[in-house]
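Reviewing the structure listed below.
The values are calculated or read from the model by the stated rules, or taken from the named source; none is laboratory data. Keep in mind it's a predicted model, so treat the numbers as computed, not measured. Methodologically, a virtual Cβ is constructed for each residue, glycine included, from the backbone with ideal geometry; neighbour enumeration extends over all protein chains shown. These area figures cover heavy atoms from the full protein model, side chains too; ligands, DNA and RNA do not enter into them. Shrake-Rupley method; radii C 1.70, N 1.55, O 1.52, S 1.80 Å.
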Amino acid sequence: MHEARQFAVVTGASTGIGLELARCCLRQGFDVLIAADEPEIESAASKLREVGSGNIQTVQADLSTTEGVDKLYTAAQGRPVDILMANAGRGLGRAFLDQEFGKARKVIDTNITGTVYLIHKVGNDMRRRNSGRILITGSIAGFMPGSFQAVYNGSKAFLDSFSFALREELRDTNLTVTCLMPGATETEFFKRADMMDTQVGTAEKDDAAEVARAGFDAMMRGEGDIVTGMKNKLQSAAANVMPAGMLAKQHRKMAEPGTAKPQRS
Ligand SMILES: NC(=O)c1ccc[n+]([C@@H]2O[C@H](COP(=O)([O-])OP(=O)(O)OC[C@H]3O[C@@H](n4cnc5c(N)ncnc54)[C@H](OP(=O)(O)O)[C@@H]3O)[C@@H](O)[C@H]2O)c1
């Protein structure tokens, strides 16, 4: 019966930007399939049930693995996906050589490998139907060599680039690809990335609901990319003209451990 409704898949929807993206979908009358790695995805579903009448299905899957992505894909039970929001991602602070390699690898496997595998599967279904919208959560971090967050920024540079390339490949179809490129946003991200002793980790940040709304609207308009907020627009414009070495030096100032400003009590 719910087949008359449109259907959105949102990854990384247990908290932060993904939770807000799922909220946008429900407000617009979509059914949603939401995924994350931890059991918190169920409490996210409870919060989302207050939003609208759309059907909410959850999947707990580690999207850094092919098995996890397959589990999510299977959970859709062949239902055509109108919107795919490939948003799941994780950061990791500290100097690269001080990071546990397993954690660095998890960033690559989640942000890059799992994301492109999911897009490959769902994107092919969309192309067969010649219909669908894909939103990829990249980042303005993808424009800057991220000293003390090197692997993460590299993973986002990959996604920003991949998103534009895929969009161009699909330009003669009815599929659209949009890259949401937030700046620092108030979510669980910096805590999970062990960056609460850094300037960027403790600075005032953008509101996740506003970021998600801007991304959702840009995707519905079929735009190629969206950088939210004037500060982030300026930062990404500057990154396009500044030498990479200078950007890496600047990034140190906000991401090196110990750069956090003392908190006022
Ligand atoms: N916050 C920022 O400043 C910022 C800026 C630019 C871009 N972004 C991007 O925005 C996206 C959302 O991040 P956020 O800021 O909203 O952070 P968040 O609150 O930490 O949310 C991250 C989401 O991704 C999920 N996730 C992470 N690894 C996963 C895995 N292996 N398998 C399945 N789910 C996984 C998390 O679920 P689990 O807890 O279950 O793992 C959570 O639902 C990320 O791609 C991030 O890179 C964030």
**Complete:** Contour minus Cα-Cα span, residue 95 to residue 248, at 0.36 nm per residue, comes to 53.8 nm
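As a test of reading the structure, rank 120, 251 by solvent-accessible area (1.4 Å probe, protein chains only), most first. Write down the numbers at each step before the final one.
Numbers: 120 120, 251 10 Å².
Greatest to least solvent exposure: 120, 251.
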**Fill in**
A correct Karplus calculation of ³J(HN,Hα) over the range 76-82, with 6.51 cos²θ - 1.76 cosθ + 1.60, θ = phi - 60°, whole Hz and x for Gly and Pro, returns 6, 6, x, 5, x, 8, 7
**Listed residues 120, 72, 216: farthest to the positive end of the dipole of the chain (Cβ charges)** = 216
**Message:** Under the rule a/c < 1.5 gives rounded, and otherwise a/b versus b/c splits prolate from oblate, where does the range 170-209 land using the Cα gyration tensor?
**Reply:** prolate
**Message:** Please give the Cα centre distance for the range 128-170 versus the range 220-265, rounded to the nearest Å.
**Reply:** 16 Å
**Prompt:** Summing -39500 (n - 2.57) over the DSSP H runs of n ≥ 4 in the chain and dividing by its residue number, what mean residue ellipticity at 222 nm do you reach, to the nearest 500 deg cm²/dmol?
**Reply:** -13500 deg cm²/dmol
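Cross-link list 121/205; 47/261; 191/253; 71/231; 47/233; 121/156: which exceed 30 angstrom alpha carbon to alpha carbon? Don't jump to the answer; show the numbers that get you there.
Details: 121/205 34 Å; 47/261 34 Å; 191/253 18 Å; 71/231 39 Å; 47/233 32 Å; 121/156 21 Å.
In this structure, 121/205; 47/261; 71/231; 47/233 exceed 30 Å between Cα atoms.
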**Complete:** In Å, the Kirkwood hydrodynamic radius from C-alpha pairs for the chain sits at 18.6 Å
**Request:** Count the net charge of all other residues whose Cβ sits under 12 Å from the Cβ of residue 86, scoring Lys and Arg as +1 and Asp and Glu as -1.
**Result:** +2
**Message:** Keeping all protein chains in place and using 1.4 angstrom, which order do 46, 53, 64 fall into by accessible surface area, from largest down?
**Reply:** 53, 46, 64
**Request:** At 1.4 Å probe size, with no ligands or nucleic acids counted, give the accessible surface of residue 116 in Å², nearest ten.
**Result:** 40 Å²
**Ordering of 7-15, 229-237, 158-166 by packing [mean C-beta count within 10 Å, highest first]** = 7-15, 158-166, 229-237
